[in-house]
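Rule-based calculations on the coordinates, nothing more; no lab input. Every value quoted in this text rests on a predicted model; they were computed, and no experiment measured them. Neighbour counts are summed over all protein chains in view; Cβ atoms, including those assigned to glycine, are modelled from backbone coordinates with ideal geometry.
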Amino acid sequence: MALLRRRASRRWLALLGLTLALFAALGTCAYAAPSEYQVKAVFLFNFAQFVDWPAEAFPRSDAPFVIGVLGEDPFGPRLDEVVRGEVVNGRHLVVERYRSVADILNCNILFIGGSEGAHLDEILGALKGRSILTVSDADAAGQRGVMIRLVNENNRIRLRIDVAAAKAGNLTISSKLLRPAEIVGGGEG
């Protein structure tokens, strides 16, 4: 397990280094910078490596690791491109898109799109007790129980993590992910 974590840490650092190098290089040449949702897609992929799910979160030992998108999909093909061919803890990553929370059967990370902000309480209520890492960038996601909120501040993506909400879902978030994040929702400690 420690070896897998070291590999995940190295992969995370390599991806972060490549992202930073890309931003630096793009500042000096005429190429377009990655879009906000290209960066957020990489974040979703990396969350899979820095959160621990209980064994019961997977219906079978060979079940894939599912990243879901609920509501309007701001990623387009970007998220599929990021996870294509990737494996985390021996599980292949797949992306699924859902029209409603009732469609969610097996999901490990759920990105709740901005189009669902008005229904956030209903969505989180339907997911209560399930080990699904909820992630959103919707303004309404503020302090309302979303586990990880992606906030765009000055063209930088910041993380706001509700540790208490993650614990309620029986999820453990690595300190490597918590360190650069703002902890919200009374989850400090």
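Remarks
- Each residue of region 97-111 is assigned a 3J(HN,Hα), and the resulting list reads 10, 10, 7, 9, 5, 5, 6, 7, 9, 10, 8, 10, 10, 10, 8 Hz, derived from the Karplus form 6.51 cos²θ - 1.76 cosθ + 1.60 (θ = phi - 60°), x at Gly and Pro.
- Charge context of Ser115, other residues only, Cβ under 10 angstrom, K/R +1, D/E -1: -3
- Amide proton proximity set for His92, modelled H, under 5 Å, gap of 5+: Phe65
- Estimated vicinal HN-Hα couplings, Hz - region 65-74 in sequence order (Karplus 6.51, -1.76, 1.60; Gly, Pro = x): 8, 9, 9, x, 10, 9, x, 4, 8, x
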